[in-house]
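Below is one structure, written out as structure tokens, with a few remarks after it.
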Number of protein chains: 2
Amino acid sequence: MEKPGSILLTILRDGQRSLWDILSRWPYSIRELRETLERLHAEGWIERSGDRWVEIRLTERGREASRALVGVEDEGGACPACEGKGIRLPEAWWRRFRELTEERPLPVAEYDQGFMRPEDAVARVAFMHRMGDVADREIVLIGDDDLVSVALAVTGLPRRIVVIDVDERLGAFIERANREQGFAIEFRPLDIRRPLPPDLTQRFDVFVTDPVETVPGFELFLSRAAASLRGRYAAGYFGLTTLEASLSKWHRLQQLVLRMNFVITDVLRDFSLYPERENRWERFYASYAMMSLFHIEGHLPDRDWYRSSFFRIEAVAPPQPTILGECALSETELYFDEETLATPRAGVS
Amino acid sequence: MEKPGSILLTILRDGQRSLWDILSRWPYSIRELRETLERLHAEGWIERSGDRWVEIRLTERGREASRALVGVEDEGGACPACEGKGIRLPEAWWRRFRELTEERPLPVAEYDQGFMRPEDAVARVAFMHRMGDVADREIVLIGDDDLVSVALAVTGLPRRIVVIDVDERLGAFIERANREQGFAIEFRPLDIRRPLPPDLTQRFDVFVTDPVETVPGFELFLSRAAASLRGRYAAGYFGLTTLEASLSKWHRLQQLVLRMNFVITDVLRDFSLYPERENRWERFYASYAMMSLFHIEGHLPDRDWYRSSFFRIEAVAPPQPTILGECALSETELYFDEETLATPRAGVS
């Protein structure tokens, strides 16, 4: 059996699971899960609750096959101390960050927002610090609904922190944090379909971004990020899911990364988890393409499942953005392709 | 100051350090360390013991500059439980592997051998298992001086394990392990400058290799590895240092990876440490180009310093080796370039 199929049998080995539970362990795209479920169903390995992919279990044939998969531990084998991140989470940074971001703005669908767990944002900063990319560095955040800017400011280490974001609510939140905490985070409202202004071009040692996961969207984010950097040795960090970006898409995105003169120095799997409850984005689900694809309208997640891997890249020569001027892409072209099945349609709020 | 320089000042902030100690923390190539040392020396930031780069310390000017680098913790911030690997090390596998490999063959210079710590070989297997690439898989090791084949066999999980190596001593060791432990590891003596025989071509789900770190050498190893795999979803694992492969070289190697239809799914920094004492390769050092480059002939390491990062790649389409037939490269072309400064010249034994 092909690998996706055997992974699915392994996940189901210990009994029935919800689609969300399967998704939380699934290493490929949502679209490939749909294809694998359909194929295994047609071949008689699994069954579901009626027409819907709400709950999935093995058939007798599937149970027999899965019994041959002896010895595979279910829970993976990630280090329990760091949840597989390899990082010691600095408690003081985490506590302060959590406190400061308690009243953060909730995500808005039209910007495809959604924030990771506070500990994951702080772990990003801790990892960046370990790589020498925090202390004394000038750092730009291209999009910042995770408020990594605040997590960076909490450390007191960067020389400069600039946030570029289209969402003015973030600007207001950051302004208040600056006032109340004595931070000096600069906020610059900008739709990144416009080029960076000259005073933000070739000015930074480090960028952090969570790009849109379509190929044209990623290319645009990475181009703006590349344009922001000083040159060789500058580093970039971004998150990328396997859920809405298949490994075939990763392949194209990595070609873009290399073409822009970056090398991939670190890829940390499933570094960030996006908590359902805190994001309160139940209202978004109705507009996700995946809901009708799996026939699960109205069945909201029973657990956190959306996660992303964390990339570090470094410039081996002056970064070469492939998009330089205005970008004429429509919102639809920017945000949607056939794999972005958990991205909200604008107008949901 | 450019990043390599500021990293060096940070490393030296707490006092004099040996070259080996600096190398154990240095994230760039040995050659770039030499260049950075020379530059910082010429500019008056650091001083050394006479003509030799044996011990290095900051000058008064360097100390002042480094005092501005407040707050940077020295020891990185790796998770202490897993040393930054993110993996729970299965104790039983480790104990058994250590026991079995106690009398392993010592490295031979002409094959550019050297083995990682036993816990790091087992951590490789644990990570591979977490990725679904051990249980029930057919796995080929291209070169196996780390004896990852034995670590795999200890788990009892793979369906098939094949070792391809030019060193018949490894074959004898594996044969004995098979006999005494009931393993079924297959050993196939082969110089990988020859193509894989048909019965090893397109036969495997997973490869593991530690390629030579020249560009032509890497291309050859990766081509043979690619030829061994079944097709899409097959996975590959390899180690790569930053010490003998600069990030500029990584950039070229990653282009090769993508060109052969692989995507990079994981990069785990400094996953493997190569222990000086157990490898007993003191005799190799005299032939390392780095010894004369740093004028440190006769000064052997006071600590383990050589380490490699661990890559996982996955085929997004049938792998396309760029080298198919016989490879006419000489040993020198295969093993040496201007960055391979800690690779022994053949004839040292």
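Out of B:G182, B:G143, B:G231, report the one residue that is at pLDDT 95 or above, of a type outside the set (D, E, K, R), farther than 21 Å from B:A317 by Cα and surrounded by fewer than 18 Cβ atoms within 10 Å (Cβ to Cβ).
B:G182
Looking only at segment A:12-43, which residues are within 14 Å of chain B (Cβ to nearest Cβ), surrounded by fewer than 18 Cβ atoms within 10 Å (Cβ to Cβ) and under 17 Å from A:P301 (Cβ atoms)?
Listed by number, the list holds a single entry, A:R25.
Across segment B:327-349, which residue is farthest from the chain's Cα centre (by Cα) among those that are more than 17 Å from B:G114 (Cα to Cα) and in a loop (DSSP other than H, G, I, E, B)?
B:A328
Which pairs do you get when a residue that is touching a residue at least 60 places away in the same chain (Cβ under 8 Å), found in segment B:156-176, comes within reach of a residue that is in a helix (DSSP H, G or I) and of a type in the set (F, W, Y), reach meaning Cβ atoms under 8 angstrom, with the pair 6+ apart or on two chains?
B:D167/B:Y111
Confirm whether B:L157 is more than 20 Å from the chain's Cα centre (by Cα) and either away from chain A (no Cβ under 14 Å) or not in a helix (DSSP H, G or I) (or both).
yes
Quick test of your reading of the structure: A:I323 fulfils all but one of (1) more than 29 Å from B:S248 (Cα to Cα); (2) β-branched (V, I, T); (3) assigned to a loop (DSSP other than H, G, I, E, B). Name the failing condition by number.
(1)
Somewhere in segment B:27-47, is a residue outside any loop (DSSP other than H, G, I, E, B), more than 18 Å from A:A135 (Cβ to Cβ), among the small types (G, A, S) and touching a strand residue (DSSP E or B) at 6+ places or on another chain (Cβ under 9 Å)?
No, that holds for no residue.
Given the condition within 14 Å of chain A (Cβ to nearest Cβ) and assigned to a strand (DSSP E or B), answer yes or no: does some residue in segment B:213-235 qualify?
Yes, the conditions are met somewhere in segment B:213-235.
In this structure, does B:V267 turn out to be crowded, with 21+ Cβ neighbours inside 10 Å, at pLDDT 95 or above, over 22 Å from B:V163 (Cβ atoms) and aliphatic (A, V, I, L, M)?
Yes, satisfied.
When you look at B:R312, is it surrounded by 18 or more Cβ atoms within 10 Å (Cβ to Cβ) and either assigned by TED's automatic domain parsing to the domain that holds B:T36 or of a type outside the set (S, T, N, Q) (or both), yes or no?
yes
Quick one: which of B:A126, B:A135 is modelled with pLDDT under 95 and facing chain A (nearest Cβ under 10 Å)?
Answer to the selection: B:A135.
Just to be sure, is A:V163 closer than 25 Å to A:A92 by Cα and in a helix (DSSP H, G or I)? Step through it out loud before you land on a result.
Working: closer than 25 Å to A:A92 by Cα: yes; in a helix (DSSP H, G or I): no.
No: the conditions fail for A:V163.
Please go through segment A:273-326 and pick out each residue that is among the small types (G, A, S) and under 20 Å from the mean Cα position of the chain (by Cα).
Matches in segment A:273-326: A:S287, A:A289, A:S308, A:S309.
Take the residues of segment A:244-303 that are assigned to a loop (DSSP other than H, G, I, E, B) and within 9 Å of chain B (Cβ to nearest Cβ): which is nearest to A:I22 (Cα to Cα)?
Taking the candidates together, the pick is A:S246.
Take B:P107 and tell me if it is within 12 Å of another protein chain (Cβ to nearest Cβ), in contact (Cβ under 8 Å) with a residue 12 or more places away in the chain, surrounded by fewer than 24 Cβ atoms within 10 Å (Cβ to Cβ) and not aromatic (F, W, Y).
Details: within 12 Å of another protein chain (Cβ to nearest Cβ): no; in contact (Cβ under 8 Å) with a residue 12 or more places away in the chain: yes; surrounded by fewer than 24 Cβ atoms within 10 Å (Cβ to Cβ): yes; not aromatic (F, W, Y): yes.
Taking the combined requirement at face value, the residue does not satisfy it.
Within the group B:W94, B:W53, which residue is among the hydrophobic types (A, V, I, L, M, F, W, C), buried (at least 17 other Cβ atoms within 10 Å of the Cβ) and more than 24 Å from the chain's Cα centre (by Cα)? Spell out the reasoning first.
On the way: B:W94 fails: more than 24 Å from the chain's Cα centre (by Cα).
Going through B:W94, B:W53 in turn, the sole match is B:W53.
Just one of (1) of a type in the set (S, T, N, Q); (2) within 14 Å of another protein chain (Cβ to nearest Cβ); (3) free of Cβ contacts under 8 Å to residues at least 40 places away in the same chain trips up B:S330, so point out which.
Tallying (1) of a type in the set (S, T, N, Q); (2) within 14 Å of another protein chain (Cβ to nearest Cβ); (3) free of Cβ contacts under 8 Å to residues at least 40 places away in the same chain, B:S330 fails exactly one: (2).
Taking segment B:83-104, which residues are within 9 Å of another protein chain (Cβ to nearest Cβ) and either touching a residue at least 24 places away in the same chain (Cβ under 8 Å) or aromatic (F, W, Y) (or both)?
The answer is B:G84, B:K85, B:G86, B:I87, B:R88, B:L89, B:P90.
The values are calculated or read from the model by the stated rules, or taken from the named source; none is laboratory data. If you're wondering where the values come from, they're calculated on a predicted model, not measured in any experiment. Glycine gets a Cβ as well: all are built from the backbone with ideal geometry, and neighbour counts include every protein chain shown.
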